[in-house]
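The values are calculated or read from the model by the stated rules, or taken from the named source; none is laboratory data. Computed from a predicted structure; not experimentally measured. No Cβ is skipped: glycine too gets one built from the backbone with ideal geometry, and neighbour counts run over all protein chains shown. Heads up: the accessible areas ignore ligands, DNA and RNA and are worked out on the full protein's heavy atoms, side chains in. Shrake-Rupley method; radii C 1.70, N 1.55, O 1.52, S 1.80 Å.
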Amino acid sequence: AFQMSRKSSKGSPRQNLYDLLEIWYVALRMVVQSWEEEEQLVLQWLLINSGFHNEGWFSYNLTISLESVERLLSSDAHTIKSQKISSLRMILTDKKKAKGVDFRGIIFVQQRITAYVLCQYLNKNDDFFTKHGIRAEYVTARNSKITPSIKMTPSEATRRIEKFRKGDINVIVATSVIEEGLDVPEANVVISYDCLKDTVELAQRFGRARQKESSLTLMTERRDRPLAVLKDAKKLQDNIIKEFDPVQTQKTLMSRQQSQLDRERAAAPLLANRAKIERSPLESLNIYAAKTKAVLKTESLDQSQDGRFRCKLEYVAMSRRMDGLGVGATKKQCKHEAALCILKKLRDSDERRGH
């Protein structure tokens with residue numbers, strides 16, 4: 001629709017139809033991506049972009065469809081009665097009242113289109129600027145398309161960040177890209193509009209609220225990852241980092257390696273028993289792997305066109321890793337061949353070590 005709109009005469013009925021198709025395509029994508037949980041945000045997108053505009057020559061069915069969706073709105077077409085958006089308005093006005101001229105806020109969202117719609121909504125609400133002095137811009141990934149016809153350029157992203165730094169605007173609606181390579185000034189109000197996905201996002205949100213007496217507000221939580229669970233996970237990660245002792249870790253590693261060498265030295269006589277190995281190579285390898293606390297796994301087992309089987313076994317221990325290839329008329333035979341190959345490599349390795 002975007003490409004066809006560009007090829008159509010400007011202002012023509014055909015171009016208007018293609019523009020409308022793009023608007024409704026984006027609306028449908030928002031519904032799917034939000035699992036139908038952001039209905040009011042979708043309606044706001046349609047309002048901003050005149051998605052309910054009727055050219056007069058639309059078909060009866062198209063006209064009826066537009067009117068049926070438009071009825072979801074309240075009687076006041078410019079009022080979006082969504083609990084979540086209303087809560088966002090209340091949080092912003094309360095924080096602005098408390099912080100005064102020093103108010104600086106960042107609203108984090110997951111989707112680029114959400115950043116665009118919320119920003120447009122805030123700026124089109126006269127009370128936000130005239131009464132509360134709230135002025136917003138959105139920032140998404142540079143050189144990324146929000147919709148086929150809306151794009152964020154690197155220069156535009158930098159310009160908006162600079163406006164936030166100077167105080168020309170006091171709210172930025174942004175995706176997580178604001179954490180990646182953009183020099184964003186500190187904020188004293190951080191709002192997470194969407195659910196936090198993991199402890200990384202939790203740390204980033206707290207990291208953005210660096211000013212003294214700053215606040216972090218989470219508007220929604222995932223049922224499987226509530227804030228309390230994320231905080232516990234973050235605390236555990238911080239403790240692991242804090243208690244990490246590279247010297248002790250090296251000592252522990254050396255101790256484990258020595259224990260592994262001792263186990264292999266104790267199991268060396270098994271490798272020297274060539275008669276038993278020839279009779280039962282796979283059994284011998286399994287016993288050796290158990291004694292040395294190694295992992296023995298079948299990497300592949302295939303039958304070729306000539307009917308013969310081919311397999312690859314792998315022996316994995318802390319001190320060494322060996323693999324063996326085997327070919328045979330049966331699966332058992334090819335595994336025995338692969339086991340013999342590994343046992344020979346292990347024996348040669350022990351001889352080089354001097355076991």
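Estimated from helical segments only, the mean residue ellipticity of the chain at 222 nm is -17000 deg cm²/dmol, where each DSSP H run of four or more residues counts as -39500 (n - 2.57). Within the full protein context, the accessible area of residue 316 is estimated at about 30 Å² for a probe radius of 1.4 Å.
Just want to confirm a number: the relative contact order over the chain, from Cα pairs under 8 angstrom separated by 6+ residues, in percent. The value is 9 percent.
Protein heavy-atom accessible surface, 1.4 Å probe, per residue over the chain: 58 Å². The shape of segment 279-355 can be summarised by an equivalent ellipsoid whose semi-axes, obtained from the alpha carbon gyration tensor, come to 24, 12, 11 Å from longest to shortest.
With respect to the chain, whose longest principal axis is taken over its alpha-carbon atoms, helix 331-353 is tilted by about 80°. Stokes-Einstein diffusion for segment 188-315 at 10 °C, viscosity 1.306 mPa s, with a Kirkwood radius from C-alpha pairs, works out to 77 µm²/s. Against the chain, whose longest principal axis comes from its Cα atoms, helix 199-208 is set at around 40 degrees. Within a straight-line Cα-Cα reach of under 26 Å, residue 96 can be paired with the following lysines, leaving aside sequence neighbours fewer than 8 residues apart in one chain: 81, 84, 124, 131, 163, 166, 212.
Note on residue 259 and residue 86: the model spin-label points, each 7 Å out from Cα along the C-beta direction, lie 6.1 nm apart. Normalised by 2.2 N^0.38 Å, where N counts its residues, the alpha-carbon radius of gyration of the chain equals 1.58.
Seen against the Cα atoms of the chain and their longest principal axis, helix 13-33 is set at about 50 degrees.
Pairs 95/242; 291/312; 97/231; 251/293; 291/335; 235/293: which exceed 26 Å Cα-Cα? Correct reply: 95/242; 97/231; 235/293. Express the carbon and sulfur contribution to the solvent-accessible surface of segment 232-355 as a percent, rounded to the nearest whole number, probe 1.4 angstrom. C and S atoms contribute 51 percent here.
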